[in-house]
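Take a look at the structure set out below.
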Amino acid sequence: MTETFVKTRVVGVDISYDETTCAIVDIRGRILAKETFGTQEFQDISSFVNKLSEVIVMIGEASGGFEHVRSVGISTPSGNFLTGCIENSPNMPWKGVVPLSAMLRDRLGVAVAVGNDAHCIALGEYTYGSAHGMHDFLVITIGHGLGGYAFVDRHFLIGAHGFGGELGHSCVAENGRQCGCGLKGCLEAYVAEKGIIQNVKDLMAESDQPSLLRNYEKITPKIVTQCCDQGDAMAQEVYRRAGRILGVALANYAALLDPEAIIIAGGISKAGKWIVGPTQEAFDEHVFGNIKGKVKLLLSDLDSRERDVLGASALAWEVKEYSLFK
């Protein structure tokens, strides 16, 4: 009988706007090694892929040998599982269509799967988090951008072209705010980071209302949240406006797909009650009556860095094994 060497480890990679995290994950979901580096340090995609390759090999060797690695799964904004590319990302430094899967596979000699960050967050929530055991749920991730992904009847809704569930680029205001994708009026332009900052600018321009926000030269969502916690009325209105728009959009999403739950993740979700409260209120006002009170709005309770690399690692098991060295 011929002895077969079974590879029992994969690499999960989470590429976010600020940081890229790589982890070696075993078949039981245990993180054996992890390393992080700055995404924005590499404005050229070739230099980024070179750095990513070096880090993956390094942590692979440090955790028992790279020869045990079966495949790599990558979570990234605007990632397309069907093509293995980052496609026309409005927020990342690399523009156009980037064949990330092929570039990394050529350097490492193993299979590489690329998925949208919301897809991988949904995988992480389904396998380890709030969606464990659910058959129908939606994940919304709100940070620099706004991503969405749907798990319908025990299957992920990838879509014919790999962009199923892209709620962030659905229109909520005709001829509205300019979105980084090139369209106007996208949900992302009202609820993600740039939308929150624009809400602050709009409110400051609308009145002379005193606010702690006026003390800052550079506004971030984190600062807005801190001001909310200190009782600042303008800061609370910033999230109320975003939450109302988000709640209506989620009500429409729920009417189409009838999920058990909608899980909200990402940096903006750390605003907690300040955005969830008005989101829930608007959702309840606009959701289809037959499912009102039945669809739960949940905040992700997993550590985001751990969940996202674990979600990416779960994606790695989905790709057919390949090795340049066989």
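At-a-glance table
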item: Length gained when the stretch residue 95-residue 233 is fully extended (0.36 nm per residue, less Cα-Cα span); result: 45.8 nm
item: Accessible solvent surface per residue of the chain, calculated while the other protein chains remain in place, 1.4 angstrom probe, Å²; result: 46 Å²
item: Candidate aspartates and glutamates for bridging to residue 184, where Cα separation is under 13 Å - those fewer than 8 sequence places away on the same chain excluded; result: 174
item: Estimated vicinal HN-Hα couplings, Hz - the range 284-299 in sequence order (Karplus 6.51, -1.76, 1.60; Gly, Pro = x); result: 5, 6, 10, 6, 3, x, 5, 10, 4, x, 10, 9, 8, 9, 10, 8
item: 14 Å reach of a label modelled at residue 273, 7 Å along Cα-to-Cβ, counting backbone N of the range 236-251; result: 236
item: Length gained when the stretch residue 178-residue 206 is fully extended (0.36 nm per residue, less Cα-Cα span); result: 8.1 nm
item: Length added when fully stretched, residue 301-residue 281, from 0.36 nm per residue minus Cα-Cα; result: 5.1 nm
item: Of every Cα-Cα pair in the range 2-43, the percent that sits beyond 16 Å; result: 48 percent
item: Dmax and Rg, reported as Rg then Dmax, of the range 172-309 (C-alpha, Å); result: 15.6, 47
item: Over the range 213-255 - Rg/Rh using Cα atoms and the Kirkwood inverse-distance radius; result: 1.13
item: Within straight-line cross-link reach of residue 218, lysines at Cα separation under 17 Å, skipping those fewer than 8 residues along the same chain; result: 194, 201
item: Reach of residue 34 by Cα under 30 Å, taken over lysines that are not fewer than 8 positions away in the same chain; result: 7, 51, 95, 222, 270, 320, 326
item: Whole-Å semi-axes of the ellipsoid equivalent to the chain (Cα gyration tensor, √5λ, descending); result: 36, 22, 17
item: Nonlocal amide H pairs with residue 16, under 5 Å, H built at 1.01 Å; result: 21
item: Distance between modelled label sites at residue 290 and residue 67, nm, 7 Å Cα→Cβ extension; result: 5.9 nm
item: For residue 72, residues with placed amide H under 5 Å, excluding near neighbours; result: 11, 111, 112, 113
item: Coordinate range along principal axes, alpha carbons of the range 1-148, Å, largest first; result: 51, 40, 25
item: Under the Karplus curve 6.51 cos²θ - 1.76 cosθ + 1.60, θ = phi - 60°, whole-Hz ³J(HN,Hα) for the range 217-222, x wherever Gly or Pro sits; result: 6, 10, 9, 10, x, 4
item: Per-peptide average of other Cβ atoms within 10 Å, ordering 18-29, 283-294, 114-125 highest first; result: 114-125, 18-29, 283-294
item: Sites residue 35 and residue 127 - FRET efficiency at Förster radius 30 Å, r taken between beta-carbons, to 0.05; result: 0.85
item: Estimated FRET transfer efficiency (residue 215, residue 18; beta-carbon r; R0 22 Å; 0.05); result: 0.35
item: By average C-beta atoms within 10 angstrom, highest first, the peptides 221-234, 304-317; result: 304-317, 221-234
item: Sulfur and carbon atoms: percent of accessible area, the chain [1.4 Å]; result: 50 percent
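The values are calculated or read from the model by the stated rules, or taken from the named source; none is laboratory data. Bear in mind the structure is a predicted one, so any value in this text is a computation, not a measurement. Positions of Cβ are generated from backbone atoms using ideal geometry, with glycine treated the same way; all protein chains shown enter the neighbour counts. Note: accessible area is taken over every heavy atom of the protein model, side chains too, but ligands, DNA and RNA are not part of it. Shrake-Rupley method; radii C 1.70, N 1.55, O 1.52, S 1.80 Å.
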